[in-house]
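Below: the structure, in structure tokens.
The values are calculated or read from the model by the stated rules, or taken from the named source; none is laboratory data. The structure presented is a predicted model; accordingly, all values stated were derived computationally and were not measured. Here the Cβ is made from the backbone with ideal geometry for all residues, glycine too, and neighbour counts use every protein chain on show.
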Amino acid sequence: MSIVAEILVSFALVVSGIFGLVGSFGLVKLKNTLQRLHAPTKATSLGVGGVLIASMIYFYAKYGQVSFHELLITLFLFLTAPITANFIAKAYMARNLGEKDVPESTGDYGWSIYDDPPNITSDR
């Protein structure tokens, strides 16, 4: 393996380790759920993504093959981290904020966590 590839792999691992460390520190030190929400999603996306990119560089430099598994995992992480953050934020809002605590919604349907559908009776 060439020295350039080793430097790139090392750089990607160090950067991803820093993101993981900062994300973990933020998760421990921040006060409430909404503040803690930002740190782990960034740590997941950039930290684990950096490790996967380092793995792609390593296998290309060592064996001359492009590994698409790591690319697909990275894509999956980048797609699911915002969705997870959205669900955590909605759960926090539903538990800790009342409908009067949030600003008025400009959409047709309002806030999805406060607008309950009509009661539907079932034959259970």
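Structure notes:
- Of all residues in the stretch 90-106, those satisfying the criterion of being of a type in the set (D, E, K, R) and surrounded by 11 or more Cβ atoms within 10 Å (Cβ to Cβ) are Lys90, Glu99.
- Within the span defined as the stretch 37-56, every residue fails to be surrounded by fewer than 17 Cβ atoms within 10 Å (Cβ to Cβ), modelled with pLDDT of 80 or more and not hydroxyl-bearing (Ser, Thr, Tyr).
- Filter pass, Leu8 being part of a helix (DSSP H, G or I) and within 21 Å of the chain's Cα centre (by Cα): no
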